[in-house]
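Working notes, beginning with the structure itself.
The values are calculated or read from the model by the stated rules, or taken from the named source; none is laboratory data. A quick note: this is a predicted structure, and the numbers were derived from the prediction, not measured. No Cβ is skipped: glycine too gets one built from the backbone with ideal geometry, and neighbour counts run over all protein chains shown. All accessible areas refer to the heavy atoms of the entire protein, side chains included, with ligands and DNA or RNA removed. Shrake-Rupley method; radii C 1.70, N 1.55, O 1.52, S 1.80 Å.
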Amino acid sequence: MTAAARPEAGVISGTIMFTDIVGFTEFTALRGDTEALDLLALQERIVLAELADDARIVKELGDGLMLWFADPCEAVR
């Protein structure tokens, strides 16, 4: 491995993944805020239950999530 290809000391590498609930705006308009918030809570429960031990939710972006994974294969799974 060349010096240019080696990660710098202290640099954490990983994979960033973004999710989005397709049709969430329409769902909210049709079903209302209460059901929309319930759906977001369900999404969070499912993601937390399935998230790898070395992964985390970095940020919630409305109906989407920004996730970080140490292992890119876990992001795909």
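Listed values, structure above:
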{"quantity": "Virtual spin-label span in nm between M66 and F18, 7 Å along Cα→Cβ", "calculated": "0.9"}
{"quantity": "Per-residue [θ]222 nm for the chain (sum of -39500 (n - 2.57) over DSSP H runs n ≥ 4, rounded to 500)", "calculated": "-12000 deg cm²/dmol"}
{"quantity": "On Cα atoms only, tilt of 33-50 relative to the major axis of the chain in degrees", "calculated": "30"}
{"quantity": "Given charges at beta-carbon only (K, R positive; D, E negative), |dipole| of the chain in Debye", "calculated": "280"}
{"quantity": "Where the chain is the region considered: accessible area per residue in Å², 1.4 Å probe", "calculated": "76"}
{"quantity": "Whole-percent carbon and sulfur share, accessible surface of the chain, 1.4 Å", "calculated": "57"}
{"quantity": "Highest-MSF residue in the chain out of L51, L30, L42 [GNM, Cα springs under 10 Å]", "calculated": "L30"}
